[in-house]
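Accompanying notes for the structure given below.
The values are calculated or read from the model by the stated rules, or taken from the named source; none is laboratory data. Quick caveat: nothing in here was measured; it's all calculated off a predicted structure. All Cβ positions, glycine included, derive from the backbone under ideal geometry; neighbour counts span all protein chains shown. All accessible areas refer to the heavy atoms of the entire protein, side chains included, with ligands and DNA or RNA removed. Shrake-Rupley method; radii C 1.70, N 1.55, O 1.52, S 1.80 Å.
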Protein chains: 2
Amino acid sequence: MPDSTPKALTTLSSLKIEPGYKRVANAIEAQIVGGQIKLGELLPTESNLAEMLGVHRSTIREGIRSLENAGLVQRGRGKRLRVSVPEMSAVSSVITRALGLKQVSFFELWEMQMLLEPFAARLASQRISDDLARELQKNVDSLRQNLNDDEFVIRNDTKFHQLIAEAAQNAALTLSTAPIGALLFSATVNLYSTVSQARHRLLESHEEILAAILSKDAQAAEETMARHIRDFYRGYEISGVDVHAPIPLDPRALDLVK
Amino acid sequence: MPDSTPKALTTLSSLKIEPGYKRVANAIEAQIVGGQIKLGELLPTESNLAEMLGVHRSTIREGIRSLENAGLVQRGRGKRLRVSVPEMSAVSSVITRALGLKQVSFFELWEMQMLLEPFAARLASQRISDDLARELQKNVDSLRQNLNDDEFVIRNDTKFHQLIAEAAQNAALTLSTAPIGALLFSATVNLYSTVSQARHRLLESHEEILAAILSKDAQAAEETMARHIRDFYRGYEISGVDVHAPIPLDPRALDLVK
DNA sequence: TATGTAGGATTATCCGACAATAGGACAACA
DNA sequence: TGTTGTCCTATTGTCGGATAATCCTACATA
């Protein structure tokens with residue numbers, strides 16, 4: 001066999017130039033990240049950008065799509081492009097999709113939840129704002145009243161944990177918990193219809209956790225939440241699904257984070 | 001003041017139809033997420049898609065950009081579109097950018113790191129593969145040899161934590177830690193040049209952690225890592241920067257996750 | 001004060017064309 | 001045999017230009 005990789009010249013960098021639409025995206029992104037264009041400001045019109053960067057308007061449009069998807073710009077028919085802080089929801093749905101396609105297992109997600117949620121509950125008990133406290137209270141109240149509506153229960157549950165994450169006032173934490181919660185939705189869809197007691201235990205747990213948070217008892221908040229998550233695991237086991245099998249990605253899970 | 005929100009008709013859903021490119025993106029995404037198109041397969045050509053969906057090729061192209069950015073499809077000049085699992089790096093950079101623009105503080109990130117890293121170290125000590133063990137060993141060795149190259153130290157440090165997260169074999173965990181590590185890079189850039197002892201302590205810590213993981217001592221792995229992260233916090237404080245100020249987003253941070 | 005209307009600005013979509021690249025088939029050559 | 005050069009075709013990348021749909025503002029009207 002002849003030497004297929006000669007010693008010299010093995011470290012040549014590819015001199016391929018990036019396609020135009022990607023250069024457009026990078027250029028605009030750099031302006032935003034670098035702070036030359038401030039948040040909330042308007043971008044030049046597509047026609048202007050095309051002129052400025054010396055490419056056709058179609059190319060500009062393709063480049064901007066990338067940024068739009070990442071949440072860096074918002075656009076609308078007839079409206080100018082506006083620079084915006086990426087909505088957490090936009091980012092969350094990217095993560096959710098990725099994890100879903102990555103075929104993560106229930107166990108992996110649960111493991112993370114078991115780490116994050118009690119921590120979030122502890123922080124929430126110390127930092128929750130009056131507004132969020134009210135909203136959390138309302139959330140639990142409405143759960144009590146709609147305990148037999150499966151769809152409602154699941155959405156309400158997701159929202160409950162989302163509110164607690166928010167109350168913890170840590171953006172990185174919020175961003176980590178949201179996709180996990182959304183994905184576990186897929187796993188929970190059939191849980192409440194098969195395990196009838198589950199919904200009552202859910203309500204009790206939420207009430208306990210709420211009480212602990214409102215009374216600013218960090219220790220109790222952490223513990224009740226931990227118990228709640230462990231309960232969740234048992235419920236899943238009882239329903240008979242393999243915890244190590246990849247979670248089937250339910251399309252509704254993506255709506256959930258939006 | 002007249003009633004600006006009449007009682008009836010308050011729950012009308014917006015009947016705005018989505019623009020074409022978004023419908024295109026959704027349609028293709030649904031096919032992928034739903035599993036009709038398997039990973040690694042080729043998508044129809046742009047022209048075919050245009051014909052199938054009844055829109056112009058330009059519209060198809062714009063729709064596909066969104067998916068490309070999210071990492072769902074890969075493309076290249078003259079090459080057909082290929083469906084792919086989102087690269088973790090693509091997702092990480094979206095998260096990193098979002099958190100950066102969201103102006104998160106060092107404290108927020110550190111708080112998360114303090115939760116995640118010791119946990120990752122514990123799992124890694126129980127689950128690490130031989131391959132990763134070797135790579136981790138090599139990582140620490142090369143740190144010992146390049147201890148005076150600031151840029152190298154920082155990249156090496158990021159990689160160290162990334163490897164441990166991988167070793168924990170939990171995709172959700174990896175995805176949470178990567179962006180946090182990358183962003184803290186921005187914060188660390190000036191640390192080692194100002195605090196001269198820091199780099200030696202860094203090496204010692206990494207050696208300790210490595211030893212704990214390789215000997216599969218979960219307890220020690222968790223504790224040494226926790227100490228390491230706390231050290232990091234002290235170092236940052238000493239350098240005199242306000243831990244609650246938003247982290248300035250260094251462009252290199254985005255390269256780091258790629 | 002609220003409602004209707006006109007006009008310009010801007011994005012959304014379409015049309016059709018050409019350039020650039022990838023990939024394969026095949027001949028020429030050492 | 002294995003390498004190189006040359007063709008061809010399929011496909012993406014970019015372009016120039018056109019039209020429709022929508023937003024925004026100003027102004028008129030009741």
Compute, for A:Thr188, the solvent-accessible surface of its heavy atoms (probe 1.4 Å) with the complete set of protein chains present, and express it in square angstrom to the nearest 10.
-> 10 Å²
Taking a label point 7 Å from Cα toward Cβ, how far is B:Asp217 from its twins in the other copies, in nm, shortest first?
-> 3.8
Under a 5 Å amide H to amide H cut-off, with H placed in plane at 1.01 Å, what residues pair with A:Arg80 once short-range neighbours are removed?
-> none
May I ask you to give the percent of accessible area on chain B that is carbon plus sulfur, with a probe radius of 1.4 Å?
-> 51 percent
Mind checking the dipole of the protein assembly as shown: about its Cα centre, +1 per Lys or Arg Cβ, -1 per Asp or Glu Cβ, Debye to the nearest 20?
-> 1900 debye
Under the Karplus curve 6.51 cos²θ - 1.76 cosθ + 1.60, θ = phi - 60°, whole-Hz ³J(HN,Hα) for segment B:85-95, x wherever Gly or Pro sits = 5, x, 5, 4, 5, 4, 5, 4, 5, 4, 5
Skip the ligands, DNA and RNA, and give the accessible area per residue of the protein assembly as shown with a 1.4 Å probe, whole Å².
-> 49 Å²
Would you be so kind as to identify which of A:His161, B:His161, A:Ile28 lies farthest towards the positive end of the dipole of the protein assembly as shown, taking Lys and Arg as +1 and Asp and Glu as -1 on Cβ and the Cα centre as origin?
-> A:Ile28
Report the normalised scattering of the protein assembly as shown as log10 I(q)/I(0) at q = 0.07 Å⁻¹, calculated by the Debye formula with identical scatterers on the alpha carbons.
-> -0.44
Range of Cα positions in segment B:20-83 per principal axis (Å), largest first | 26, 26, 20
Applying the Karplus parametrisation 6.51 cos²θ - 1.76 cosθ + 1.60 with θ = phi - 60° to the phi angles of segment B:125-138, what ³J(HN,Hα) value in whole Hz is obtained for each residue in order, glycine and proline being reported as x?
-> 5, 8, 10, 4, 8, 4, 4, 5, 4, 4, 5, 5, 4, 4
If you project the alpha carbons of chain B onto their three principal axes, what span does each projection cover, largest first, in Å?
-> 64, 60, 32
Among B:Gln74, B:Ser93, A:Phe107, whose Cα sits farthest toward the positive end of the charge dipole of the protein assembly as shown (+1 at Cβ of Lys/Arg, -1 at Cβ of Asp/Glu, about the Cα centre)?
-> B:Gln74
List of segment A:146-172 residues, accessible area with partners at least 20 Å² below that of the chain alone (1.4 Å probe) = A:Asn170, A:Ala171, A:Ala172
Sort out for me the Cα centre separation of segment B:54-98 from segment A:83-104, rounded to whole Å.
-> 14 Å
Of B:Lys79/B:Lys102; A:Lys22/B:Lys22; B:Lys38/B:Lys216, which pairs sit farther than 31 Å apart, going by alpha carbon to alpha carbon?
-> B:Lys79/B:Lys102; B:Lys38/B:Lys216
Residues with amide H under 5 Å of A:Glu41's amide H, sequence separation 5 or more or different chain, H placed in the peptide plane at 1.01 Å from N; which?
-> A:Val83
Short version: which residues of segment A:34-66 lose at least 20 Å² of accessible area, all chains versus chain alone, 1.4 Å probe?
-> A:Leu39, A:Arg61, A:Glu62, A:Arg65, A:Ser66
Chain B: angle of helix B:198-214 to the longest principal axis, Cα-based, in degrees nearest 10 | 80 degrees
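Using a 1.4 Å probe on protein heavy atoms only, how many Å² of accessible area do B and A hide from each other, summed over both chains and rounded to 100?
Approximately 4300 Å², summed over both chains.
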